[in-house]
Ligand SMILES: [Zn+2]
């Protein structure tokens, strides 16, 4: 049991947690953003991150400090917190990124961890091997063996109260990711970055990112704080949190600002393309895009960086509120509509509905059916599983979208996308779902799958299904049983003795 990470509220695989960072003497609420501070290019001062944005934690590169003539001695003598004038928690990276970029670095895990400890880092990192996506299995395995050796070396270093990252690699080989996570989880290290996902994010491969995170999560205990290393675009926070990520680091706010790029939760805009700022942060309420464009390079960069940070922190707060209220998946659906690649990411997330189901709360505030994908949410899956355990009444049972009918011994409701349920459950989550009148084919098909599951579990019961004009693709999924199309029963031509005439008092 890792006692430095406690989780409170859950939604899908997302959670609000508290990461206790003993060396800093602070507790960081997750999901959290770690702004990246480049010691040589401080676009926004750490002290300002704390004051203006409420930053509780940041990340800086220990390897750059280690190799810097300007900063190495100062970091050692003053300590990172004084050097940066920052009272929150500071995580340091090890140079693995430089190793991946340039092929070699002149330090090993033992030395760089000692250095990180000596400069007062609160969370240090060993020298893992960031294996890019799509490499051969042989390379991924070879690199992973080195990463696992680095974790073993890190366990041997006396770092006092400093927490230590245990990065998870394995490229896009999902079984290797899961194996790497299982190995990392078995160490006595503390925080679990999912590494080398930046190339996936840069290529908008959000579906592959979700698969990599889901595989890593399968190998980790629920008490493991998970960091999506190098991910800082607010557009994908809801998705990544729903997949189970707790920490993000953003260099994007500064890198994009340097390029005159403006972050939004729907993607990235170029300053030159904006006539209006779609944001109410202090930067955007006090300036127009034209005014910002006229400023000198340094000032323009700082203004854009501050906006980028505001929108990033705002989205994290929105994600946390969504977890608290239980509508994180509704937020993911909203974000999925903003870019086709995000839609792919959401669909990939729903491929893991069984995995999400393990932590998704049984009761939430509301289920809003807002897209065809809603039919694949874990709540639907969970309802179908519950159908195996429900007692079905004796005799002839009507499963209906309409009213009770006295010709049958009992009548259950049918509601797409969930399927059948006893009327006594009508007011329980998720069957209270708000569902549109114009449902997608997928919703009817999911309901039909629920009926099939109920029929299979109760093969001796005689079921009849009454529906309002379901599409053929849904009817084709039903087992052999009597069906009634209620739309044909209604209207002025309807004959007496219609099966759907009795009020049930709803
Ligand atoms: Zn703004």
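When segment 198-211 is limited to residues that are without any contact (Cβ under 8 Å) to a residue 60 or more places away in the chain and within 19 Å of residue 247 (Cα to Cα), the one that is surrounded by the fewest Cβ atoms within 10 Å (Cβ to Cβ) turns out to be 202. When residue 374 is tested against (1) in a loop (DSSP other than H, G, I, E, B); (2) out of contact with any strand residue (DSSP E or B) (no Cβ under 7 Å at 6 or more places or on another chain), just one condition goes unmet, and that condition is (1). With respect to the stated conditions, residue 193 fails to be within 15 Å of the ligand (Cβ to nearest atom), surrounded by 24 or more Cβ atoms within 10 Å (Cβ to Cβ), under 15 Å from the mean Cα position of the chain (by Cα) and in contact (Cβ under 8 Å) with a residue 12 or more places away in the chain. Within the set 26, 44, the sole residue that is farther than 28 Å from residue 218 by Cα, surrounded by 15 or more Cβ atoms within 10 Å (Cβ to Cβ) and modelled with pLDDT of 95 or more turns out to be 26.
Looking only at segment 287-323, filter to residues that are touching a residue at least 60 places away in the same chain (Cβ under 8 Å) and near the ligand (Cβ under 10 Å from one of its atoms); which one of those is surrounded by the most Cβ atoms within 10 Å (Cβ to Cβ)? This residue is 309. Counting only helices (runs of 4 or more DSSP H) wholly contained in segment 116-230, the ones carrying 1 or more residues that are touching a helix residue (DSSP H, G or I) at 6+ places or on another chain (Cβ under 8 Å) and within 23 Å of residue 347 (Cβ to Cβ) occupy 174-186, 198-202, 206-219.
Does residue 253 satisfy the criteria of being closer than 30 Å to residue 229 by Cβ, in a helix (DSSP H, G or I) and within 14 Å of the ligand (Cβ to nearest atom)?
yes
Criterion first (more than 15 Å from the ligand (Cβ to nearest atom) and surrounded by fewer than 22 Cβ atoms within 10 Å (Cβ to Cβ)) does residue 334 satisfy it? Here the answer is yes, as residue 334 does meet what is asked.
Conditions (1) away from the ligand (no atom under 13 Å from the Cβ); (2) modelled with pLDDT of 95 or more; (3) in contact with a helix residue (DSSP H, G or I) (Cβ under 9 Å, 6 or more places away or on another chain); (4) not in a loop (DSSP other than H, G, I, E, B), marked per residue:
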site	(1), (2), (3), (4)
245	yes, yes, yes, no
263	no, yes, yes, yes
272	yes, yes, yes, yes
285	no, yes, no, yes
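The values are calculated or read from the model by the stated rules, or taken from the named source; none is laboratory data. No experiment lies behind these values; they were computed from the predicted model shown. Virtual Cβ from ideal backbone geometry, glycine too; neighbours counted across all protein chains shown.
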